[in-house]
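Data first, discussion second: the structure below is written as structure tokens.
The values are calculated or read from the model by the stated rules, or taken from the named source; none is laboratory data. The structure presented is a predicted model; accordingly, all values stated were derived computationally and were not measured. No Cβ is skipped: glycine too gets one built from the backbone with ideal geometry, and neighbour counts run over all protein chains shown.
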Amino acid sequence: MGSANSHRSRYNMGMRAGGAMISKPGLGWPFDQSPFHQGERALHELYGRRQQIDFAARRVIQDHLTEQHRVFFGQLPFVLIGSVDHEGQPWASMLVGRPGFVDSTDPVILRFEADPLPGDPLLRHLVDGAPIGVLGIELPTRRRNRISGRFQTLDERGFAIRVVQSFGNCPQYIQGRDLEFLQERPSANIEHSDRLTLHDRTMLAGADTFYIASASPGGPEDISAGADVSHRGGRPGFIRIDDDRTITTPDFVGNYVFNTLGNLSVEPRAGLLFADFKSGDVTMIACRSEVIWEGEELRSFAGAQRLVRFHIKQIIRLRGALPFRAVGSTEVSTEIEGTGTWSEAVQAQKASRELARWRPFRIVKKDKESRNILSFVLEPADDGGVAAHLAGQFLPIKVLAGDDGSHLVRSYSLSEVANGRTYRISVKRDGIASCWLHDRPTGAVIDVLPPRGEFIFNTATRKPVMLISAGVGVTPMVAIVNSLLVNDMRTRHAEPIIWLQAARNGGDLAFAAHIIHKVRHHANLSAHFVLSAPNREDQAGRLADHVGRIDRDVLARLLPTSDIDAYLCGPGGFMQSIYDALLGLGVPDRQIHFESFGPARVLRKQEKIRPAGSSQLIRFGRTGKAIAWSSSFGSLLGAAGVAGVTAPYGCKSGVCGSCAARLVRGSVTYTLPPVAELDDSEILLCCTVPEGKDEVVIDV
């Protein structure tokens, strides 16, 4: 983000003392040129948000300070400064003072009447036209505003910058604190190092906040380049010390503007600052960043969208430098409750690898979601970890079936996103297993396997999405919505999301209040409830958008285009009718996804069977049908479906044993470790593929 007052001759100008030309204060970005540089724009494009972000930015980014922002900065006891040294290394600094030390008597000038903390090299970076980033945070209220500008003047009382960009930020991940000034300003003990000490490790391990300075190359005439400083927050333990010169942190969902990551993509050097408000210590770190976009570590860290690894070059420690201390308790940010820590991530990785191991989990909370659906929150009863899962997956559990100690295995969809600490399943009271579970009290212990399942949202899609459910089929849909729409303000899917839910009446409409709340906070979500037999309360409250059933006419009215991704979950007949209707409305078969357990299944449009040739042959003994194997089938169960052979199945993950069949001839291998008990001659069709080149014959 950056600076300069060139290009302004194209706009309505006003003269300032000294002849500087500025645009007259108004609303929004006054220039044709984008406020974002190439690195930021590339990330907007990567996430499919280029037009959306550009449109929003031109409304909220100013080339001056609004009156509200001028008042805001004047009441702060500290601000963060991002600057760049003579070698191009960004540094994050903290300027402190009694409220009023930051002042703006001119909407394009911000003045700081304060010296840097003793030992901070900031003054050496203040050369003519130098890029300066400013972050103001009011901790008790979590208000946050940022500025990108250029250094202008320095005198005995402080320095001033000329504002190039000014914009507000959301309050996400900010911990609420109250600060109290000390009677006397302390003297700091200054230390320099190039690696972390034991004291540093302890401080970082307990930190819930740090600040990061970054920069993008460009001269004073480039209004999209410059320095920036931003805030990062998490639960204590969200910073991992890899070694004495390396740390790794998660990057959570933000506003998708990517000021920091955009800068790091074109200039990987960064400056970190850690402020301990209890001891008054400040630690400044110059480093080089490395962004990690995928991998097991990322998948295991709850809430993380990316990881950022910092390789340390230089450390400046300012012991006891802050003139104030935190008083009272810290008000924890609600946004970080759904995020993880590194210790939880390590445990999650271990738990995810034990796919066939039953573990005890305790019911810590039960919530009524509808007349006959309860949610169960489960936490480990063995001090182990919670395996990471993706929205839409399910949790296998073991329940007692009788007094003789026999048990049943059932799979229930997870209805909440991964948080690193608990699972949540939502279960309809219907049948032996679900009734047994409903009757368990809080504190009861049940056995579970790690989550699994292939009903997963395609995060790469840039299409509108329809989530269509009936009855208890709503449970994976809630998890999907919660994974896409976070923190009551941010969406991970920029296209329209259409929620379509069917139930008998309002008493059976699970999670309706939650979805209505989401609609109020996310402009791209619309919700539509279809009730087949609404009661008087439903009619009085106008809960139903449609009375009857979800049919072709309802779908045709709500479909924004046939080029959508549709996700279905509910009874088998319901899903079959929706699937057929969507196909008839032109939705491509490959873009219709569904979840099915046991008897709830959908017969897809018959795929063309490849004639058996020289490829390996799969023969289904009872029917006489055969098909040439293709890896696109995924499993022998998939091959059976394409061949037109009806084979029983349930969980499709090797747990329930419903798809067990006798292997007559040939060899197979498992893609997942089987959990169900089998005879020596049996295999599970759902998680086996042919091994070798010989013909495989199955007794199906």
| task | Could you please find all residues in region 664-700 being buried (at least 20 other Cβ atoms within 10 Å of the Cβ) and not aliphatic (A, V, I, L, M)? | result | P674, C686, C687, T688, P690
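Can you give me the number of residues within region 245-277 that are assigned to a strand (DSSP E or B) and within 27 Å of S343 (Cα to Cα)? Can you show your working first?
So the first thing to find is which residues in region 245-277 are assigned to a strand (DSSP E or B), and the list is 246-252, 269-275.
Retained after the next criterion (residues that are within 27 Å of S343 (Cα to Cα)): 246-252, 270-275.
Residues that pass the stated criteria total 13.
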| Is it the case that region 224-237 has a residue that's under 27 Å from Q347 (Cβ atoms), in the same structural domain as D128 (by TED's automatic domain parsing) and touching a Leu at 6+ places or on another chain (Cβ under 7 Å)? | no
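Pick from V84, V96, V79: which is more than 27 Å from V266 (Cβ to Cβ), buried (at least 16 other Cβ atoms within 10 Å of the Cβ) and modelled with pLDDT of 95 or more? Steps first, please.
On the way: V84 fails: more than 27 Å from V266 (Cβ to Cβ); V79 fails: more than 27 Å from V266 (Cβ to Cβ).
Only one candidate passes the filter, namely V96.
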| region 198-221: number of residues that are buried (at least 18 other Cβ atoms within 10 Å of the Cβ), not in a loop (DSSP other than H, G, I, E, B) and not aromatic (F, W, Y) | 9
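Just to be sure before I move on: is S224 hydroxyl-bearing (S, T, Y) and either surrounded by 14 or more Cβ atoms within 10 Å (Cβ to Cβ) or touching an Asp or Glu at 6+ places or on another chain (Cβ under 9 Å) (or both) in the structure I sent? Reasoning before the result, please.
Numbers: hydroxyl-bearing (S, T, Y): yes; either surrounded by 14 or more Cβ atoms within 10 Å (Cβ to Cβ) or touching an Asp or Glu at 6+ places or on another chain (Cβ under 9 Å) (or both): yes.
Yes: the conditions hold for S224.
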| request: Tell me which of these S333 doesn't satisfy, since it passes every other one: (1) under 30 Å from S193 (Cα atoms); (2) buried (at least 16 other Cβ atoms within 10 Å of the Cβ). | output: (1)
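Those residues that are touching a residue at least 40 places away in the same chain (Cβ under 8 Å) and over 16 Å from F633 (Cβ atoms), I need them from region 663-691; list them, please.
Start the filter on region 663-691 by keeping residues that are touching a residue at least 40 places away in the same chain (Cβ under 8 Å), which leaves 664, 672-676, 683, 685-690.
Within region 663-691, V664, P673, P674, V675, A676 meet the criteria.
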| field | Residues (acidic (D, E) and over 10 Å from G74 (Cα atoms)) located in region 91-113 | value | D106, E113
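If you go through region 431-463 one residue at a time, how many are on the phi > 0 side of the Ramachandran plot and either more than 31 Å from the chain's Cα centre (by Cα) or surrounded by fewer than 15 Cβ atoms within 10 Å (Cβ to Cβ) (or both)?
Applying the first criterion (on the phi > 0 side of the Ramachandran plot) to region 431-463 yields 431, 443, 453.
Filter again for either more than 31 Å from the chain's Cα centre (by Cα) or surrounded by fewer than 15 Cβ atoms within 10 Å (Cβ to Cβ) (or both), leaving 431, 443.
Number satisfying all stated conditions: 2.
Can you tell me which residue is surrounded by the most Cβ atoms within 10 Å (Cβ to Cβ) among those in region 635-662 that are outside any helix (DSSP H, G or I) and without any contact (Cβ under 8 Å) to a residue 24 or more places away in the chain? Let's see the steps before the verdict.
Here is the first cut: in region 635-662, the ones outside any helix (DSSP H, G or I) are 635, 643-662.
Filter again for without any contact (Cβ under 8 Å) to a residue 24 or more places away in the chain, leaving 646, 648.
Working: T646: 12, P648: 15.
Residue satisfying both the conditions and the ranking: P648.
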| field | When residues of region 423-447 are limited to those that are touching a Leu at 6+ places or on another chain (Cβ under 6 Å) and among the aliphatic types (A, V, I, L, M), the one nearest to E369 (Cα to Cα) | value | V427
| query | Quick one: A401 ticks every box in (1) exposed (fewer than 15 other Cβ atoms within 10 Å of the Cβ); (2) within 19 Å of M477 (Cβ to Cβ); (3) aliphatic (A, V, I, L, M) bar one, so which box is it? | reply | (2)
| field | Elements of type strands (runs of 3 or more DSSP E) contained in region 41-133, each with 3 or more residues being more than 20 Å from F210 (Cα to Cα) and more than 34 Å from the chain's Cα centre (by Cα) | value | 102-106, 109-112
| task | With respect to A345, determine if the residue is among the hydrophobic types (A, V, I, L, M, F, W, C), touching a residue at least 40 places away in the same chain (Cβ under 8 Å) and not assigned by TED's automatic domain parsing to the domain that holds F101. | result | yes
| Taking region 46-83, which residues are free of Cβ contacts under 8 Å to residues at least 24 places away in the same chain and among the aliphatic types (A, V, I, L, M)? | L46, A56, V71
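Scan region 501-523 and tell me whether some residue there is in a loop (DSSP other than H, G, I, E, B) and within 20 Å of the chain's Cα centre (by Cα). Walk me through it before giving the result.
Going residue by residue through region 501-523, those that are in a loop (DSSP other than H, G, I, E, B) are 504-505, 509-511, 522-523.
Pick out the ones that are also within 20 Å of the chain's Cα centre (by Cα) and you get 522-523.
Yes, because at least one residue in region 501-523 is in a loop (DSSP other than H, G, I, E, B) and within 20 Å of the chain's Cα centre (by Cα).
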| request: Working only within region 464-496, note down all residues that are over 24 Å from S411 (Cβ atoms) and surrounded by fewer than 23 Cβ atoms within 10 Å (Cβ to Cβ). | output: P464, L485, V486, N487, D488, M489, R490, T491, R492, A494, E495, P496
| query | Which condition breaks for Y173 when tested against (1) in a strand (DSSP E or B); (2) among the hydroxyl-bearing types (S, T, Y); (3) closer than 27 Å to G233 by Cα? | reply | (1)
| query | In region 280-322, what residues are among the small types (G, A, S) and part of a strand (DSSP E or B)? | reply | A286, S289, A304
| query | For A533, which of the numbered conditions (1) crowded, with 16+ Cβ neighbours inside 10 Å; (2) modelled with pLDDT under 95 fails to hold? | reply | (1)
| message | Where the second residue is acidic (D, E) and in a helix (DSSP H, G or I) and the first is farther than 16 Å from K365 by Cα and lies in region 418-432, which pairs have Cβ atoms under 7 Å and are six or more apart or on separate chains? | response | G420/E344
